[in-house]
Amino acid sequence: MSLLQLSRISAFYGASQALFDMNLSLEEGQVLALMGRNGMGKSTTVKVICRLLRARDGEARFAGQDIGGLPPHRVAQLGIGLVPEGRRCFATLTVAENLLAAARPGAWDFAAVAALFPRLAERRDQTAASLSGGEQQMLAIGRALMTNPRLLILDEATEGLAPVVRQEIWAAIARLKAETGLAILLIDKSIRELGGVADAAVIVEKGRSVWQGDFADLDAQTTERYLGV
Amino acid sequence: MSLILLVEQTLNGLQFGVMLFLMAAGLTLVFGVMGLINLAHGSLYMIGAFAAAAMAQASGSFLLALAASLVCAAFAGVLIEVLVIRRLYDRDHLDQVLATFALILIFSEGTRWLFGSFPLFLDKPEWLSGTVILPFGIEYSLYRLAIILVGLAVAAGLFWMIARTRVGIRIRAGENDREMIAALGVNISRLYTFVFALGAALAGFAGALVGTIQSVQVGMGEPVLILAFVVIVIGGIGSIKGAFIGALLVGLTETLGRFLLPEAFALVFDPATARSVGASLASMSIYILMAGVLIFRPKGLFGSA
Amino acid sequence: MTEPILDIRGVTKRFGALAASDDISLDLRPGEIHALIGPNGAGKSTLIQQIAGGLAPDSGRVLFDGRDVTALSTAARAQLGMGRTFQISALAMDYTVLQNAVLGALGARGGVFRFFRPVMRDAALLARARAALDEVGLAEFEAMRTSELSHGQRRQLEVAVALTLAPRIFLMDEPMAGLGSEGSQRLTGILDRLRRRAPILLVEHDMDAVFALADRISVLVYGQIIATGSVAEIRSDAEVRRAYLGEEDEA
Amino acid sequence: EGVKVGMITTLSGGGAGLGIDVRDGFMLAVAQSGRDDIEVVIEDDQRKPDVAVQLSDKMIQSEKVDILTGIIWSNLAMAVVPGAVAQGKIYLSPNAGPSALAGQACHQNYFNVAWQNDNLHEAAGAYANDAGHTNSFILAPNYPAGKDALTGFKRFFEGDLAGEIYTKLGQTDYAAEIAQIRASGADSVFFFLPGGMGISFLKQYADSGVDLPVVGPAFSFDQGILQAVGDAALGVKNTSQWSKDIDNATNKAFVESFQDEYGRLPSLYASQGFDTANLMISAMEKADISDQEAFRAALKEADFSSTRGDFAFAANNHPVQDIYVREVIKEGDVYTNKIIGVALEDRSNAFLDACKM
Amino acid sequence: MKREMVFNLALLALILGVALWAQASDEPFLITLTTRAVIFAIAGVGLNFALGFGGLVSFGHAAFFGLGGYVMGVLAYHAQTYTPLFEAPLLIQGTKSMPVIWLVSILLSSLLALAIGALSLRTSGVYFIMITLAFAQMLYYFAISWAAYGGEDGLSIYVRNGFPGLNTMDPLQFFALCFALLLIVLLLVSLAARSAFGLALGAARQNEARVQAVGQTPYRLYLVAFVISGAITGLAGALFADLNRFVSPVMFSWQTSGEIMVFVILGGVGRIFGPVAGAVLFILLEHLLGGLSAYWHIYLGAILLGVVLFARGGLYGLIAGREVAHD
Ligand SMILES: Nc1ncnc2c1ncn2[C@@H]1O[C@H](COP(=O)(O)OP(=O)(O)OP(=O)(O)O)[C@@H](O)[C@H]1O
Ligand SMILES: Nc1ncnc2c1ncn2[C@@H]1O[C@H](COP(=O)(O)OP(=O)(O)OP(=O)(O)O)[C@@H](O)[C@H]1O
Ligand SMILES: [Mg+2]
Ligand SMILES: [Mg+2]
């Protein structure tokens, strides 16, 4: 049984519909790339998974449980760690406090995150607002890991990062995948880099999942058609 | 004017400041931490005082009365948080202003309906009555001394809770981004209910402690509310330290202003004019202080956000 | 050699012990795209801020078109012709896309203190705004509320507003961030054309775009410029590879 | 033909107790008169002058009342009374008596059935002399009524002033003032701090260890708030034109029937409301309201039996009456007042000359 | 957009209708009550200009309301006592002419708003709320102890001031005057809201950095908005004092600031007609509930609470939809 399963999800922002018929399934330990052009509904799908947006219709299951009716914190406690679009670090809190605020018991603790991103340890007592964009991105990833999730969701997690750091993060994702068996849902614009880690892919267009399959099966025609490259 | 009197007035100013801090602490907590403008804070203060007066009447025990103030105000806090405030976190400040203004109306008239239109009796216990002699031979009320100590303890406790504990960190995180902290698995609703109840309990407690040497009556909360807002704005919103320093500043300005301004004007004007002009200026002094502080430090003394 | 239109001389900015800008000198010449790259936290946005006027340098000067603007406010510099985009979108979220663009056009034209004429009926402003939206590909979204745009669409709007200003120079802080591959390509095309209108100081982590666009590249590390040169020079600079590019180039 | 009365008084918010007492006293007298030709329209002014003005417009224009009454506060009276009497209505004041309405702005249609604002303070000054005080510290809030209070006290007090200060209106903490009193070398204190201000002051004064004798007008020692002051008030001397132990049949009957009717002891304000209604009823017996001149003359005769005993109107339609000194005592569980003497006999007011009526 | 327009017109028709009906059925008090609502509406429209369009939450608009009131009070007082206001450096007499009083009110309120705004706009958010309150409170305490003009007792003007060609003591004529002013103010404000200034001001409210980046200074936009706002509220103050023929420090009190704010929120923040709906509803509630019970504030509170909780965006949000109209 899938770890995460979305079936026929529809969702609205006020009166305007953003998701029409969204299907997606993600297995334990799998890395799934969620792809699509700008404004097609990737982030909206993430919001539905994390219950930050209520699905009007359809079913969302995580770890065998229907999460459609749960409040966001309950869903998170089931083991979903979110690195949201735009980072959303707690601006007035220090780096250490940002991490501590999210902490739940498990293998990931401050030391482990500091090992992954040494820069964060250096900036430990600086407020998140004063971090550079890339530093904030690292903080957001570290924060999600601190919840010790079963599923890590990275929505544009490498946006605005320097190439070296991006490589580090991709390496870190690959390591997470290899060493911990963490399931990961990835949104990123770089198909090349996604290809390095992703097992499977889902493509969204105008709020519908239009393609799902092994990442390896993505051919140039498909990407040209749905992603414009 | 003797030096002793000046020292005594300074002490009075500090004491008044600590008293203000008790009132302001809960407000700055709710206001700074949850980003909620709670005009009904004064009503919670009143509820505390009325609960204490009723309990003191029924049981004759001051400690039970204080306990009643804490419990009743906290309960009222939980009630309004769950029924009203909770729906307002993601609204702008204005909706909060209107809703909590409505709550003032309900609470004030509700209290009057329950307890009648006349002030209630609430007095300090025997063991806190009388005066003590401080250095310089200053005779000082034991009860006021006790208020100072309680105020300091509350300040320390709150400071520790917000700055050091996990709960404090999460509360502040929620202040930055409520949705995000929830998405990280923290039950922010429950946390906020807790904070609101704590703020309410502090307000009620202040109402009982201060009401004991003031008058327990409907409408007692509004002047205090304004003062408390002045205090936390001077200190910088959300900062417990700021509220504390702000309270002392306001306490000193208010007390010394009332005392010194008429004397100062007497050096220039005839006594009658000096008294009247001095008193007028003294009435405005804390507002002048607040405006002055904000003009030079637009985020208050310790404000960051 | 043409005179630089933007000339930064010895700008230094400290945050406590950290020198976010450490005696930086840099210039921007007509017709060029000058890319500023560097690791996260190197001080790129801080420098842009100081150029745009949001942050005052501790020392050093910013010359714009030969004029010392170090003491001027953000608004004054914008009026002189500095157009900028923000790293994190700064838009009027309750306004429609068109209104945001008209706001830019209005800012460029001046005459904000007019109280009686409906601004959204002003043909000149509308034309200018629509042209900019069209250029970034947002034309069909003009009636949408900005808060309803997706992240990437907001980035596009950010660029469109800068376009409406018809500035003398562009300061762009990561305009590609958040754009999909298609969007990036499109923007790359836009910027390529744009440089003829006004030179661009471009902060960007998207190396495909930088290498495709830049006439010159400066590399900022720990508040200092460690190298300035052509694409080829920078690509082959060992120091830059170590500090910033990593394996990027080999792929 | 009957009389229609418009009562504008404070029935909600912090000052509601006073308005309620005036209303209850007034309505008790109306009920006791047994007359069915008196119609009373009651409205709440919320203690806001603009609301009071609005209500008076309503009473006059829509309700078409003959007589207005009920206002508690001087500032509200100043807002309403000049306009009302100018429109030909009779106004009977059951409480407020600002000096302007006794002097320059006096009017033949305006009758004050309580006191001129200065009266109780004047009596306090007179009493201070009798009690042998020679160096008094005096304080009041910084607003017109407060200034009037200190002026009134000084009009009769012959001793020196150890200090004279104005406090902030609505002030609740008096530590600074009490410290000044302690340091001033005064032998007594006079204060006028109505409502909650007085409660706070007295409690804090009692707690401060300063035990100079205190004198004040009845407002801070009245039945309604005395219970809230408690022991701190015991023994304090205060001046009042009424007390529940004034020995006459009307007063006895009033106190008894008020208690029967409402289950609480009447206050000063209740007695004023009661007297106001009885004055009006006495005039109704002599004249018809439609003949306003005759009705006014009947009012002026003040031919009713007042709870205070002798009562007459001075030339400016303000009372001429005895003002008593009372002491706060405890009767069983209840704090109340006992008359200990007369401070001023047949006191009129200081503004007779200013009134050109 | 359409619906909002219909509602606007219905609202104005309602106000006018009530006044005319009251005249026909000889209920002058009802006209007075309507006039009161109209004047409060003007005050609210004034506040809304700063609060709704500029996001400047002023908790001190009583300062302008009160100042307008005192301008009327002081000028009329001097006119009625035949004493000059100043003799040196130049002789200034009182006046009982409404147009002059209005002009002076608008002028002085603007100046006061300029001074208060210039200082207060250094702050923002809650600090702004409180600093504006502080300035109003200073004026309040000043007025209370300003013995020359009655202190807390206030000033009574026995006869309403005059307007050429009208009998202002006639409730309907005075109403007509106030209503006309409301219409003018509404017209000017709705023009300004759609103007270049309105666009820039609204943008500053939403994102200051954006406005700076297009070359405008938010501070200047705010200050102009605040001055306009203060001037309108000052005019309302003068009218209110004339309605009551009385002015007192209560007009300066924080409760007054709060009430004006309630009109705005109740009606719908940032809606041009919002404060009109808010003021009408508030006066209506006050009038209807007042007779219900001695504890009528409880009902009032409950209704206000209901509006906040269930009618987002105030009455206008409820009736005309949530979208703020842009064209
Ligand atoms: N808060 C919102 N309110 C209303 N509509 C929204 C909101 N956020 C997004 N939308 C709309 O929903 C659609 C999907 O947006 P979403 O953010 O999911 O796109 P995305 O695929 O993540 O795009 P991007 O790559 O640009 O981030 C978009 O067309 C957008 O207009
Ligand atoms: N107000 C501040 N106080 C303290 N440190 C600051 C402040 N602003 C920025 N910094 C620090 O200065 C450094 C430079 O930040 P800046 O935002 O300019 O980086 P950047 O080069 O733009 O990085 P990125 O590419 O990640 O956006 C960072 O280390 C940041 O933490
Ligand atoms: Mg997205
Ligand atoms: Mg940056």
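Rounding to the nearest 20 debye, state how big the charge dipole of chain B is about its Cα centre with +1 on each Lys and Arg Cβ and -1 on each Asp and Glu Cβ.
In debye, rounded to 20, chain B gives about 680.
Springs between alpha-carbon pairs under 10 angstrom, Gaussian network model over chain E: which of E:LEU300, E:LEU315, E:LEU266 fluctuates most?
E:LEU300
Can you list the cysteines of the protein assembly as shown that have no other Cys Cβ under 4.7 Å away?
Taking the Cβ cut-off of 4.7 Å, the unpaired cysteines of the protein assembly as shown are A:CYS50, A:CYS89, B:CYS72, E:CYS178.
Which residue, D:GLN241, D:GLN272, D:GLN104, has the most motion in a Gaussian network model of chain D that connects Cα atoms within less than 10 Å?
Of D:GLN241, D:GLN272, D:GLN104, the most mobile in the Gaussian network model is D:GLN104.
Using a 1.4 angstrom probe and counting only protein chains, how large is the accessible area of A:VAL229 in Å², to 10?
So the heavy atoms of A:VAL229 present about 50 Å² to solvent.
Which residues of the stretch E:36-60 end up with at least 40 Å² less accessible area in the presence of all protein chains than when their chain stands alone, using a 1.4 Å probe?
E:ARG36
What list of ³J(HN,Hα) couplings, whole Hz, do you get for the stretch E:182-188 from phi and the Karplus terms 6.51, -1.76, 1.60, once you set θ to phi - 60° and write x for glycine and proline?
For the stretch E:182-188, the Karplus-derived couplings read 4, 4, 4, 4, 4, 5, 4 Hz, x marking Gly and Pro.
Give the separation of the Cα centroids, the stretch C:186-249 to the stretch D:146-189, in Å.
Using only Cα atoms, the two centres lie 79 Å from each other.
Order D:THR307, B:THR273 by their accessible area, 1.4 angstrom probe, all chains in place, largest first.
I get B:THR273, D:THR307, largest accessible area first.
Sorting C:GLU182, C:GLU233 by accessible area (1.4 Å probe), largest first, what list results?
I get C:GLU233, C:GLU182, largest accessible area first.
Can you send over the carbon and sulfur percentage of the accessible area for the stretch D:82-145, probe radius 1.4 Å, protein chains only?
Here it works out to 44 percent.
Among B:LYS299/C:LYS13; D:LYS203/D:LYS237; D:LYS147/D:LYS203; D:LYS4/D:LYS58; D:LYS237/D:LYS300; A:LYS47/A:LYS206, which pairs are too far apart, with a Cα-Cα distance over 25 Å?
D:LYS237/D:LYS300
Restricting to Cα pairs below 8 Å that are 6+ residues apart, what does the relative contact order work out to for the stretch B:42-113? Please round to a whole percent.
Relative contact order comes out at 31 percent.
Using a probe radius of 1.4 Å on protein heavy atoms only, what is the accessible area buried between chains B and A, both sides summed, to the nearest 100 Å²?
Accessible area lost upon association: around 1900 Å².
Note the angle between two axes, namely the Cα long axis of helix D:292-301 and the longest principal axis of the Cα atoms of chain D, as a number of degrees from 0 to 90, rounded to the nearest 10.
The angle comes out at about 40 degrees.
Return a whole-number percent for the relative contact order of the stretch E:1-108, with Cα pairs under 8 Å and 6 or more residues apart as the contact set.
15 percent
Quick one: 3J(HN,Hα) in Hz for the stretch B:247-261, Karplus 6.51/-1.76/1.60 with θ = phi - 60°, rounded, Gly and Pro as x.
5, 5, 4, 5, x, 5, 4, 4, 5, 5, x, 4, 8, 8, 4
Tell me the accessible surface of A:LYS177 in square angstrom (1.4 angstrom probe, heavy atoms of protein chains only), to the nearest ten.
Roughly 60 Å² of A:LYS177 is accessible to a 1.4 Å probe.
How large is ³J(HN,Hα) for each residue in the stretch A:73-83, as worked out from phi by the Karplus curve 6.51 cos²θ - 1.76 cosθ + 1.60 (θ = phi - 60°), to whole Hz, x for Gly and Pro?
5, 5, 4, 4, 5, 5, x, 10, x, 10, 10
Of all the accessible heavy-atom surface of chain E, with the other protein chains kept in place and a 1.4 Å probe, what percent is carbon and sulfur?
70 percent
Between the stretch E:1-26 and the stretch B:242-305, what is the separation of their alpha carbon centroids in Å?
Centre-to-centre distance over Cα atoms comes out at 49 Å.
For a test of the definition: using alpha carbon positions, the gyration tensor, and the 1.5 limit on a/c, classify chain E as rounded, prolate or oblate.
It comes out oblate by the Cα gyration axes.
Could you tell me how many degrees, from 0 to 90 and to the nearest 10, lie between the Cα long axis of helix C:151-164 and the main elongation axis, the longest principal axis, of the Cα atoms of chain C?
80 degrees
Rounded, prolate or oblate: which fits chain D when a ≥ b ≥ c are the square roots of the eigenvalues of the alpha-carbon gyration tensor, with rounded for a/c under 1.5 and prolate only if a/b beats b/c?
Here chain D falls in the prolate category.
Enter the buried accessible area of the B/E pair, total of both sides, probe 1.4 Å, in Å² rounded to the nearest 100.
Heavy-atom accessible area buried at this interface is about 3800 Å².
To the nearest 100 Å², how much accessible surface do chains B and D cover up together, summed over both, with a 1.4 Å probe?
Counting both chains, the buried surface is close to 3200 Å².
Order D:LYS338, E:LYS2 by their accessible area, 1.4 angstrom probe, all chains in place, largest first.
My answer, sorted largest first, is E:LYS2, D:LYS338.
What distance in nm separates the simple spin-label points at C:ASP192 and A:GLU28, each placed 7 Å from Cα in the Cβ direction?
5.0 nm
Before I look further, what does the protein assembly as shown give for accessible area per residue, probe 1.4 Å, in whole square angstrom?
34 Å²
Between 0 and 90 degrees, rounded to the nearest ten: what's the tilt of helix A:133-146 against the longest Cα principal axis of chain A?
80 degrees
Rounded, prolate or oblate: which fits the stretch A:73-173 when a ≥ b ≥ c are the square roots of the eigenvalues of the alpha-carbon gyration tensor, with rounded for a/c under 1.5 and prolate only if a/b beats b/c?
It is rounded, given that a/c, with a ≥ b ≥ c, falls under 1.5.
How much accessible area does B:SER141 have with a 1.4 Å probe, in Å² rounded to the nearest 10?
Approximately 10 Å² for this residue.
What relative contact order, as a whole-number percentage, does chain A give when Cα pairs under 8 Å and 6 or more residues apart are counted?
Rounded, it is 28 percent for chain A.
The values are calculated or read from the model by the stated rules, or taken from the named source; none is laboratory data. These figures come from a predicted structure and were not determined experimentally. Methodologically, a virtual Cβ is constructed for each residue, glycine included, from the backbone with ideal geometry; neighbour enumeration extends over all protein chains shown. Protein only, heavy atoms only, side chains kept; ligands, DNA and RNA dropped before computing areas. Shrake-Rupley method; radii C 1.70, N 1.55, O 1.52, S 1.80 Å.
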